[in-house]
Each structure stands twice: as C-alpha cells, then as structure tokens.
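Reviewing the structure listed below.
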Amino acid sequence: MRRIVLALLLSVALPAAAQSNQPKDLRPLPEVPEPPALPLPSPGAGDEDDPSLEPQVTITKRGEDKIEEYRINGRLYMIKVTPRIGLPYYLIDNQGDGTFSSHSTGGLDQNVRPPMWVIHQF
C-alpha cells in the first residue's frame, strides 16, 4: 500500500518539479510574414498535355483476332493480342531493345513492374 501512495505522490510531484521558472524578460516572437503569392500556371503550359507523350494505338484485325500496337515517339513498346477464342495477352518490350516478352492478362497485374519513364535521351 505504501508503494502505491509513494507512486501517486511521485506522479504528482515530479511534473511540478520538472517545470522551470520562466524569466520575466521574455519577448514574444515576431509575426511570420505571409509568403509571396506564386503565379498559377496557365492551362496547357505544362508537359502533361504534350501529345508526344500520349501513346499512339494502331488497331489491326487479322481474321477474327485483334492486334493493338502501342507506340510512343514512333517506338513500339507493347502489343495487345485479343484472339477470337481465349484471353487477351500482351507482348511487352521491357528493356527497349525490341525483344518482346509475353504476359497473359493476369500477368500484368500479378508481377510488380516499376514504371520506366524516359528522363533524358541522348
């Protein structure tokens, strides 16, 4: 019982003892000035509307199969093949060297593939 009383007294006394006395010559901090207003970008001025970044899709039909070719800047990077019977599958050029690897419809979502953006091209 004494331990409980001692713990209660310490829990009340320690926060009071931890407080420091503030000096009387404290001055308030100056007000922070408002940040300058930045001009808003005009619509259509950014690179997000650049038509060269949008993929060009060419759809061809061979018999009852549908083939969609996706190109950016004239470079073929993905082919989607939709056969008459069965699930669509994708041929993707992951390295940019013209070698396509096959992915089924479920394969696009099953494997983790980080986004690969071209930052600079020589």
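Derivation of every value follows stated rules applied to the coordinates shown; laboratory data play no part. Owing to the predicted nature of the structure, the values given are computational and were not obtained by experimental measurement. Note that we place each Cβ from the backbone using ideal geometry, even for glycine, and neighbour counts take in every protein chain shown.
Listing Thr60, Thr82 from the residue with the fewest other Cβ atoms within 10 Å to the one with the most, what is the order?
Details: Thr60 9, Thr82 16.
Ordered by Cβ neighbours within 10 Å, fewest first: Thr60, Thr82.
Residue by residue through segment 93-102, which ³J(HN,Hα) values in whole Hz follow from phi under the Karplus form 6.51 cos²θ - 1.76 cosθ + 1.60 (θ = phi - 60°), with glycine and proline marked x?
8, 6, 9, x, 9, x, 8, 9, 10, 8
Using 7 Å Cα-to-Cβ label points, what is the Ile72/Glu34 separation (nm, one decimal)?
Each label point lies 7 Å from its Cα, and together they span 4.1 nm.
Shape call for segment 54-110 from the C-alpha gyration tensor, a ≥ b ≥ c root eigenvalues: rounded (a/c under 1.5), prolate (a/b greater than b/c) or oblate?
Values: a/c = 2.12, a/b = 1.23, b/c = 1.73.
It comes out oblate by the Cα gyration axes.
Taking 8 Å as the Cα distance limit and 6 or more residues as the minimum spacing, I'd like the relative contact order of segment 54-110 as a percentage. Don't skip to the answer; put the middle values down first.
Values: 101 pairs, mean separation 12.2, N = 57.
Averaging sequence separation for qualifying contacts and normalising by length gives 21 percent for segment 54-110.
Taking 0.36 nm per residue of sequence separation and subtracting the Cα-Cα distance, how much length would be gained by fully extending the chain between Lys24 and Val57, in nm to one decimal? The partial results should precede the final answer.
Numbers: separation 33, 0.36 × 33 = 11.88 nm, distance 7.40 nm.
Separation in residues times 0.36 nm, less the Cα-Cα distance, equals 4.5 nm.
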